[in-house]
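Scroll down for the structure; my scribbles are underneath it.
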Amino acid sequence: MKEIKEKHAFLMRWTHWVNFPVLSVMIWSGIFIYWANDAYGISIFGVTFIKFFPEWFYNYFHVPQRLAEGMAYHFLFMWFFFINGLLYIIYTIFSGAWRELIPQKKSFKEAWLVLLHDLHIRKTVPPQNKYNAAQRIAYSAIIVMGFGSVITGLAIYKPVQFYWLCWLCGGYHFARIIHFTLTIGYVLFFLIHIVQVALAGWNNFRSVISGFEVVDHGSKITEENNTEDGKTH
Amino acid sequence: MEKPIKEKVKMPLTVEQKIKRRNFISFTTFLALGGGAFAGWKWLLHSPEEIPGVTGGAKAPLRRALNKTELFFRNFFSNGHLAKTYPKERAAKKVRINSLIGIEDDESFDEKNWKLEVKISPLQSIKIGIEEIKALPKTELIFDFKCVEGWDQIQHWGGVRLSDFLTHFKLDGLAENNYMGLETPNGAYYVGLERDSVLHPQTILAYEMNGQPITAAHGAPLRLIIPVKYGIKNLKRIGLMSFSNSRPHDYWAEQGYDYYSGL
């Protein structure tokens, strides 16, 4: 027999789907801003392995010479990003949904088992619940990251008026580095998230749109019984 | 006569039906909202550019947003909030030059004949020589100069605090206006500054850099150093100063940048 099991509240779904395009616009416009002083890369012993970003990347996405435009979009969509994130945090705190979200002591050990299972190294399925241990860590971390983006963003945006924020972020330079690194983090999160969602399947994906999952309790047996009894669904 | 009430037989929904119904409602809503958001985004992307005036070059809705955001963040402005200062040793010896608009395009400029022109009424101006300005108490400032492009540099500037200058030349009444406008002598570069930032204690009219007279490329004989703004507002080689209650024209605000550009 099939059963409807409520999973995600409306506000969780709303903020999730608002955040996706808003964050995309923030990253897109952020790259326009970053381009004007693209100082970052990854070097080890003076050898540069990755330059953020290579010319082909800028050209492909039509990035050059769009600083003013980037700032204009960034400083509009920052409001949506902030308000939407705030809405999610307030909802999560007051609804009690945080209980199923924030990592527990055992989560860090369990997350390791989730990773081994996902990589097909270990067969035992770790406890899932609403979120498994790895999800608890990832989804809590992404909220902390969002908070970090707002704080470091404000520190770079108004370093004189919010001098204390700038100090808190380790100064103007470091704040910009964190702001940039968090963005790279979002992109990596997004890639893993997409793969995991695809692997988790339709029932899981649907729950973030319709809010529920369908649980099937020994469907085969019931169906057989039903046919014998001549009942219809 | 009363019509007989039609008997309505309402069967309770099966789980399967409930699933279908809820799927239908949520997916339709999802697609409708998603489509709406996409249409809204397309609208913004193709929205017309603002009508050029004091500001220009930005899409009209984005300019409105910039102006609203300015009003919000001006609530946090305070003369008590100071840009961080540094010891002299930290100041760059080689000070970056990013733009020469209003300087390299003015071949007839002669520093010896320079005087600062201050418009005190639509028809009247006063002229102030560099010696009169240098006679005022000197303020030194070593701070992190920030460019709108994203780079910054610790620089050492010396000059007269703008608010001291205004008081000394009895311009403080005029400075009650909402805005101050500054222009290069040839009028090629120009900025507008709101009163709060003009009167900020770290805003100076600089004539020295690293303890030496400013060079031409850095805006000799007199330039603006305003740490509460991006570099684009730090006008070099001031020729004309004026006051108004509406926004004066501004070189980079005409090219799509935020008028306020405050830090």
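Kindly indicate whether any position in the range B:77-94 is more than 14 Å from every other protein chain (Cβ to nearest Cβ), surrounded by 16 or more Cβ atoms within 10 Å (Cβ to Cβ) and among the small types (G, A, S). Yes: the range B:77-94 contains one or more residues that are more than 14 Å from every other protein chain (Cβ to nearest Cβ), surrounded by 16 or more Cβ atoms within 10 Å (Cβ to Cβ) and among the small types (G, A, S). B:K42 meets all of the listed conditions (1) at pLDDT 95 or above; (2) over 23 Å from B:V198 (Cα atoms); (3) touching a strand residue (DSSP E or B) at 6+ places or on another chain (Cβ under 7 Å); (4) of a type in the set (D, E, K, R) but one, namely (3).
Here the range B:35-68 is the region considered, the condition is being surrounded by 13 or more Cβ atoms within 10 Å (Cβ to Cβ) and touching a residue at least 24 places away in the same chain (Cβ under 8 Å), and the residue that is farthest from A:F75 (Cα to Cα) is B:V54.
Let's see how each residue does on (1) in contact with a Phe, Trp or Tyr (Cβ under 6 Å, 6 or more places away or on another chain); (2) of a type in the set (F, W, Y); (3) on the phi > 0 side of the Ramachandran plot; (4) outside any loop (DSSP other than H, G, I, E, B):
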{"position": "B:L193", "(1), (2), (3), (4)": "no, no, no, yes"}
{"position": "B:S197", "(1), (2), (3), (4)": "no, no, no, yes"}
{"position": "B:P201", "(1), (2), (3), (4)": "no, no, no, no"}
{"position": "B:A206", "(1), (2), (3), (4)": "yes, no, no, yes"}
{"position": "B:P221", "(1), (2), (3), (4)": "yes, no, no, no"}
{"position": "B:L224", "(1), (2), (3), (4)": "no, no, no, yes"}
{"position": "B:K236", "(1), (2), (3), (4)": "no, no, no, no"}
{"position": "B:S242", "(1), (2), (3), (4)": "no, no, no, yes"}
{"position": "B:S246", "(1), (2), (3), (4)": "no, no, no, no"}
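Taken together, the residues in the range A:10-57 that are of a type in the set (G, A, S), more than 10 Å from every other protein chain (Cβ to nearest Cβ) and farther than 30 Å from B:K42 by Cβ amount to 3.
A single member of A:F77, A:F53 is assigned to a loop (DSSP other than H, G, I, E, B) and either under 27 Å from B:D258 (Cβ atoms) or at pLDDT below 90 (or both), and it is A:F53. Each residue in the range B:239-258 was checked for being surrounded by fewer than 24 Cβ atoms within 10 Å (Cβ to Cβ), more than 9 Å from every other protein chain (Cβ to nearest Cβ) and not basic (K, R), and 11 pass.
Filter the range B:41-62 down to residues that are within 17 Å of the chain's Cα centre (by Cα) and among the hydrophobic types (A, V, I, L, M, F, W, C) and give me whichever is farthest from A:P21 (Cα to Cα). Among those that are within 17 Å of the chain's Cα centre (by Cα) and among the hydrophobic types (A, V, I, L, M, F, W, C), it is B:V54.
The one condition from (1) among the aromatic types (F, W, Y); (2) surrounded by 11 or more Cβ atoms within 10 Å (Cβ to Cβ); (3) not assigned by TED's automatic domain parsing to the domain that holds B:V191 that B:F72 does not meet is (2).
The values are calculated or read from the model by the stated rules, or taken from the named source; none is laboratory data. Keep in mind it's a predicted model, so treat the numbers as computed, not measured. Note that each Cβ is placed from the backbone with ideal geometry, even for glycine, and that neighbours are counted across all protein chains shown.
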